[in-house]
Every structure is written in structure tokens, then in C-alpha cells.
Amino acid sequence: MAEWYEHSFGEDYLLVYKHRDEQGARQEVRQMIEWLGLEPGAKMLDLCCGTGRHSLALQQSGYHMTGVDLSEMLLREAIKQDPDGLITWLKADMRSLPLADGQFDAVINLFTSFGYFIQDSEHLKVLEEIRRVLKPSGRFVIDFLNAEYTIRHLVPQSERIDDGQLIKETRWMENGFVKKKIEIINAEGDPGETRQYEERIKLYSRDQFEWMLGEAGLKIEAVHGSYSDKDPYDQYKSKRMIMVGRRM
């Protein structure tokens, strides 16, 4: 039986998350460059790169980029945006990367592209892979949901119309996971068949993440609440938990 992430990252994903645009990626990249403190020419891995928004913005800022994702459809979209082939794009599972040890100055993992699996050991394996492909003292950025805020402010249901499609989202907590059911229905003319997807993310607190990172040989140096230094991380108020650190 296919896992949810093998089914959910197709054409409808681009519709549901259409609000994540290139301008936002450029702003986020500017802040990440400042946090990482890497000179242009550094080698970076965008782990779970999706359509490649951040890889492209980082390449344009002078970095040598590799983008990895499991979704063939999202990688096809990324490659379309890179007609000169300036970025290396690879299809791979984040738990087992087809990459040599110690080749990257930095690894980025953005917008909750973590927590997809059932077992904690699988998430630890992802962190171990990040450490393995980093150079000694290589840097990382992991951008994850802030668990405390997510639990307190979870919106059970919402819906909107976009591109003539009705998008219904239902969210709930279950056994330490935040789950979301997405239903997409044609809002114009014949409604046709409802397309359904599920997303499932294992929530980890800052302390839990710090422990897992330590087990993997990684260390947090700073935590931010958004892509702005004017928005420090607050356990109860921050929507996101953006961890910046290095390989030990």
C-alpha cells in the first residue's frame, strides 16, 4: 500500500499550495544566506526541494545547488524552471540519499518536509543522512511546524475556491500526528468525482528535535520563529520552528 506522500505530491498539490510563490522564496533565501553565513560558490542540498523555488533562488545567488525530491511530478516542474540545467535534480527517498559523504557545505529542509513517517527511527535516519552528506562543520536549516502553536491553534475545517476548484481541508490531532484530509471538487458545472488526499506529520517539540539532532551528530545553534530576525522564536506564539545549526 502506497504511503500518503507517494500519492499527495501530484498536480493537485500545486493547486492546494499555490500561495507559495517565487517572491516569497527569494525573501526566505535572503534570510537563510544571512543565517548560514556561506560565501557564494558553496555547495548546498535542498532536501525535499519540491518544484525547486528555493534551489533556483539560491542558484541565482551564486550557490551550487542539488535538489532532491521523491515526487517525479514536482521534479518535472523544477526542471522546467531550469532550462539551462544549472542545478542537479535527483529523485530519491530522504532516508537513503544517492549522494557521497561530506560533499555539501549546507543542507536545507523547508516548510515541514519532515515528520512524514510512522517511526521515530525513520526520522532519525533522515537526520543521519543530512549529517552524512555534510562536510565537517557543514550547516543546516530545518524549517518545521512549531508543535505547541500548531496544537493550540489547529483549524478543524476550512474551504476556499481556487481555479474553479472547491478545496476543503479537515485537520485533527491523532496519536502525536497532525493529520489533514484534503478534498477537491469542481466548483463550476458538473462537480464530477471528488479527489481526496491525506497528509500526516509527526509533531516534535524543540526539546525532542534537539535530542534527535544530537543523536544524529547535529547541533542547533539558533531557532527562529519566521524568516525575519524581527520575529524571535516563541514556544507559544511562533507558527514555525526554523532551526539553524551545524554538523558536530
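Each reported figure results from applying straightforward, stated rules to the coordinates on display, with no laboratory input. Here the structure is a predicted model, which is why all the values come from computation and not from measurement. Quick reminder, even Gly has a Cβ in these numbers, built from the backbone with ideal geometry, and neighbours come from all protein chains shown.
Okay, here's what the table says:
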item: Amide H within-cut-off set for A92, under 5 Å, with H built and near neighbours excluded; result: D69, L70
item: Segment D120-S226, extension gain: residue separation times 0.36 nm, minus the distance between their alpha carbons; result: 35.6 nm
item: Efficiency of FRET between E198 and L90 - r from beta-carbon atoms, R0 30 angstrom, step 0.05; result: 0.70
item: Vicinal HN-Hα couplings computed from phi for the stretch 101-118 (Karplus, 6.51 cos²θ - 1.76 cosθ + 1.60; Hz; Gly/Pro x); result: 5, x, 9, 10, 6, 7, 10, 10, 9, 10, 6, 6, 8, 8, x, 6, 9, 7
item: Charge tally in the Cβ shell below 10 Å around E169, where Lys, Arg are +1 and Asp, Glu are -1, E169 excluded; result: +2
item: Relative contact order [Cα under 8 Å, 6+ residues apart], the stretch 150-201, whole percent; result: 28 percent
item: Taking all pairs of distinct alpha-carbon atoms in the stretch 125-248, Kirkwood radius in angstrom; result: 16.7 Å
item: Per-residue ³J(HN,Hα) for the stretch 23-32, Karplus 6.51 cos²θ - 1.76 cosθ + 1.60, θ = phi - 60°, Hz, x for Gly and Pro; result: 4, x, 4, 5, 5, 5, 5, 4, 6, 4
item: Gyration tensor (Cα) of the stretch 150-201, equivalent ellipsoid semi-axes in angstrom; result: 25, 11, 6
item: Karplus-derived HN-Hα couplings along the stretch 49-55 (A = 6.51, B = -1.76, C = 1.60, θ = phi - 60°), whole Hz, x at Gly and Pro; result: 6, x, 7, x, 4, 6, 4
item: Simple Cβ-charge dipole of the stretch 120-248, Lys/Arg +1 and Asp/Glu -1, about Cα centre, in debye nearest 20; result: 660 debye
item: Longest segment of the chain lacking GluC sites (Glu not before Pro) that sit in a DSSP loop with at most 13 other Cβ atoms within 10 Å; result: 4-187
item: Exposure proxy ranking, count of Cβ atoms within 10 Å, fewest first, for D190, D163; result: D190, D163
item: Low-density loop positions, chymotrypsin sites (Phe, Trp or Tyr not before Pro), the stretch 1-57 - DSSP coil, at most 14 other Cβ in 10 Å; result: Y17
item: Ellipsoid semi-axes in whole angstrom, largest first, where each is sqrt(5λ) of the Cα gyration tensor of the stretch 1-155; result: 22, 19, 17
